[in-house]
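K.L.:
Just passing along the structure, written as structure tokens.
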Amino acid sequence: MTDPKTEALDRSDTRLRRDEGLVGALRSFFDRVRSGDLGMLPVVVGLVVISTVFSTLNPVFLAPNNLVNLLFDAATVGFISLGIVCVLMLGQIDLSVGSMSGLASALIGVLWVNMGWPLPAAIAAALGLGALVGLLYGVLLNRFGMPSFVSTLSGLLALLGVQLYILGPTGSINLPYASVLVRFGQIYVMPDWLSYMLALLPGVTLVVLGLRTMARRKAANLSTPGLSVLLVKAVALTAALLFAVYYLNLGRGIPWMFGLFVALVLAMNYALTRTQWGRSMFAVGGNSEAARRSGIDVRRVNVSAFVLCSTLAALGGVLASARLATSSQQAGTGDVNLNAIAAAVIGGTSLFGGRGSAFSALLGILVIQAISNGLTLLNLSSSLRYMITGGVLAIAVIVDSLARQSRVSHGRA
């Protein structure tokens with residue numbers, strides 16, 4: 001006679017094995033969504049809605065060359081948003097990223113064009129200044145307990161003042177149009193064959209890492225998602241990327257500048273998910289006191305986040321000057337701060353700290369730039385762009401707050 005406990009365990013094992021398939025993966029996905037773990041679902045839905053609306057109002061929106069221009073423009077602010085993700089994950093903020101990017105742009109014009117420095121030296125000086133500014137913010141937070149809102153707001157004004165001072169009465173410096181930097185920001189695109197090769201890499205990487213994870217979990221007698229789920233994800237991702245590359249290659253192709261941005265997103269994602277520093281970032285953002293008691297050097301984590309943020313803001317300013325072929329007093333002003341912070345939040349990084357992803361900057365800036373590009377094609381005023389972007393940011397914050405409350409109620413906070 002069979003033991004009832006053994007039969008129950010067998011039924012549980014059978015149900016567990018069944019859940020490892022596609023149906024189980026879908027059930028697990030919907031369970032996470034219901035519990036408030038939305039991931040990047042809202043931003044993907046937002047991109048689909050935005051594309052549908054603007055392409056209906058103006059078919060040029062989805063034209064290949066317009067999308068190529070969109071990627072060129074998205075990359076410059078995308079670098080800044082990637083740095084914002086780092087500080088937001090700690091529950092901090094950097095309000096000076098726009099001014100930092102504007103100052104870096106001004107330095108390129110002054111050092112390279114006016115003073116005759118080699119271009120690599122001018123870029124290194126701009127990035128080095130960004131790192132020093134980030135270090136200062138970290139010290140002010142760690143040593144004096146100055147809230148990042150106050151220190152970076154002060155930095156916003158100070159950096160803007162320095163930018164205006166070094167540019168002088170002329171207010172702008174034109175960069176050589178035939179230079180490598182300007183052509184990188186305006187013209188250079190990947191060869192077709194290389195873009196197709198790169199489109200295959202994410203799917204292959206997903207399969208290799210997935211198989212490795214499955215092997216480790218099986219060795220530890222843990223459940224695995226199943227090979228069919230892994231293959232479906234890899235095939236879907238590869239098909240989507242190949243179609244995107246094919247469609248963009250009908251126009252000018254994929255910009256090298258956007259490729260550099262994606263490469264940094266992947267590097268940041270690896271650092272956040274596969275290194276001790278990345279785990280420390282999540283821990284400090286979730287509860288800094290608990291992280292300190294567990295042996296994490298919270299001060300060092302704070303400094304690293306601000307240094308990365310300001311350095312990436314400087315890099316965004318350098319590439320913005322390349323995109324516009326000029327260093328001017330208007331660089332870094334206007335909606336740069338808004339767009340960089342909004343992109344990180346819209347992409348899924350929590351304002352409360354402890355939750356975020358490097359891909360938040362990528363997806364978020366695509367949403368922001370799609371709105372800006374679509375409104376420009378419709379010949380609408382910048383005032384409407386500000387209002388709509390602000391509305392989208394407000395919706396993203398509301399969704400983040402509601403999702404956080406749902407995670408708390410389901411014990412997933």
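The values are calculated or read from the model by the stated rules, or taken from the named source; none is laboratory data. What you see is a predicted model, and the numbers here were worked out from it, not measured in a lab. Cβ placement follows ideal geometry from the backbone for every residue including glycine, while neighbour counts extend to all protein chains displayed. Each accessible area value is taken on the protein alone, full model and side chains, heavy atoms only, with ligands, DNA and RNA left out. Shrake-Rupley method; radii C 1.70, N 1.55, O 1.52, S 1.80 Å.
K.L.:
Starting from residues that are surrounded by fewer than 24 Cβ atoms within 10 Å (Cβ to Cβ) and closer than 30 Å to Val182 by Cβ, keep the ones in the range 291-314 and report whichever is farthest from the chain's Cα centre (by Cα).
P.N.:
Val307
K.L.:
If you check Thr170 against the conditions, is it out of contact with any Pro (no Cβ under 7 Å at 6 or more places or on another chain), surrounded by 14 or more Cβ atoms within 10 Å (Cβ to Cβ) and not in a helix (DSSP H, G or I)?
P.N.:
For Thr170, the condition - out of contact with any Pro (no Cβ under 7 Å at 6 or more places or on another chain), surrounded by 14 or more Cβ atoms within 10 Å (Cβ to Cβ) and not in a helix (DSSP H, G or I) - is not met.
K.L.:
Can I ask one more? Here are the criteria: (1) surrounded by fewer than 16 Cβ atoms within 10 Å (Cβ to Cβ); (2) aliphatic (A, V, I, L, M); (3) part of a helix (DSSP H, G or I). Tell me which single one Leu135 does not satisfy.
P.N.:
Every condition holds for Leu135 apart from (1).
K.L.:
Quick check on this structure: which one of Ser372, Ser381, Ser360 is of a type in the set (Ser, Thr, Tyr) and free of Cβ contacts under 8 Å to residues at least 40 places away in the same chain? Working first, answer last.
P.N.:
Details: Ser372 fails: free of Cβ contacts under 8 Å to residues at least 40 places away in the same chain; Ser360 fails: free of Cβ contacts under 8 Å to residues at least 40 places away in the same chain.
It is Ser381.
K.L.:
Here's another thing I want to ask about it. Could you pull out every one of the helices (runs of 4 or more DSSP H) wholly within the range 193-290 that has 3 or more residues that are within 23 Å of Ser81 (Cα to Cα), touching a helix residue (DSSP H, G or I) at 6+ places or on another chain (Cβ under 9 Å) and open to solvent by 60 Å² or more (accessible area, probe 1.4 Å)?
P.N.:
256-274, 276-286
K.L.:
Taking only pairs six or more apart or across chains, which ones have beta-carbon atoms under 7 Å, a first residue in the range 264-279 that is among the polar types (S, T, N, Q), and a second residue that is open to solvent by 20 Å² or more (accessible area, probe 1.4 Å) and part of a helix (DSSP H, G or I)?
P.N.:
Asn269/Phe359
K.L.:
Check Ser195, Ser151 and return the single one that is of a type in the set (S, T, N, Q) and within 24 Å of Arg252 (Cα to Cα).
P.N.:
None of the others qualify; the one that does is Ser195.
K.L.:
Something else about it: What are the residues in the range 117-126 that are surrounded by fewer than 19 Cβ atoms within 10 Å (Cβ to Cβ) and in a helix (DSSP H, G or I), if any?
P.N.:
Leu119, Pro120, Ala121, Ala124, Ala125
K.L.:
Taking the range 142-167, which residues are assigned to a helix (DSSP H, G or I), exposed (fewer than 15 other Cβ atoms within 10 Å of the Cβ) and of a type outside the set (A, V, I, L, M)?
P.N.:
Residues satisfying the conditions are Arg143, Phe144, Phe149, Gly161, Tyr165.
K.L.:
Oh, and also: Evaluate the following for Gly46: is it at pLDDT below 55, surrounded by 14 or more Cβ atoms within 10 Å (Cβ to Cβ) and in contact with a helix residue (DSSP H, G or I) (Cβ under 7 Å, 6 or more places away or on another chain)?
P.N.:
No; evaluated as a whole, the condition is false for this residue.
K.L.:
Which residue, of Met115, Met89, Met146, Met100, is touching a helix residue (DSSP H, G or I) at 6+ places or on another chain (Cβ under 9 Å), free of Cβ contacts under 8 Å to residues at least 12 places away in the same chain and within 25 Å of Ser304 (Cβ to Cβ)? Walk me through how you get there before you give the answer.
P.N.:
On the way: Met115 fails: within 25 Å of Ser304 (Cβ to Cβ); Met89 fails: free of Cβ contacts under 8 Å to residues at least 12 places away in the same chain; Met100 fails: free of Cβ contacts under 8 Å to residues at least 12 places away in the same chain.
Checking each option against the conditions leaves just Met146.
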